[in-house]
Every structure is written in structure tokens, then in C-alpha cells.
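Peer 1: Let me begin by handing over the structure; questions about it come next.
What follows draws every value from the coordinates through simple rules; no lab data is involved. The structure presented is a predicted model; accordingly, all values stated were derived computationally and were not measured. No Cβ is skipped: glycine too gets one built from the backbone with ideal geometry, and neighbour counts run over all protein chains shown.
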Amino acid sequence: MQKLKSYLKKCIRSGEPIRLIGLRLDNLTDSEEKQISLFENNDIEKQKKLDKIVDSINQKYGKNTITRAGKLNVGKIVKLKDE
């Protein structure tokens, strides 16, 4: 939090415009609590195993080696037909 405050003060002093400020919070609940999925995936143990495998691959080869498609900026990767 202190780093964020000092960075914001630096931006304000320099006159650099601030376009967006975001905040991300993780690990707010116990690991036993789960978010309800919009899709039918009732096999919790299978999902836990898959998550561990994905985490180990990302740890070994770099962050986001395997990631969800929704996190990708497709416009920068793929030239769209209309462009």
C-alpha cells in the first residue's frame, strides 16, 4: 500500500494524468469456500488437480504460459478480418 501511495504522489507532482486506478484482492476466503461456476463442473477434486498442474507449469515456464482465453488480448495477437 505504501508503494502505491508513493507512486500516486509522484504522478500527481509530475502532472502526469492518471487514467485508471485498479485494485486487486486475493485470498479473501478460506480455501474450502468456492465460487459457484456458471458452467457445469461439479468435480471439485478434478478441478483442484488441474489447477495444481496449471500452476506448476506456469511456475516452471513463466507466468501465464497457460491462461484462460478471456485474459488474452486477442486484438493484438490475431489480425481480425475487418481490419
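Peer 1: Could you give each residue of the range 13-28 its phi-based ³J(HN,Hα) in whole Hz, using Karplus coefficients 6.51, -1.76, 1.60 with θ = phi - 60°, and x for Gly or Pro?
Peer 2: Once θ is set to phi - 60°, the couplings for the range 13-28 become 5, 7, x, 5, x, 9, 8, 8, 10, x, 9, 10, 10, 10, 6, 8 Hz.
Peer 1: Here's a follow-up. At what distance in nm do the modelled label points of Asn58 and Arg19 sit from each other, each positioned 7 Å from its Cα along Cα→Cβ?
Peer 2: Distance between the two pseudo-spin positions: 2.5 nm.
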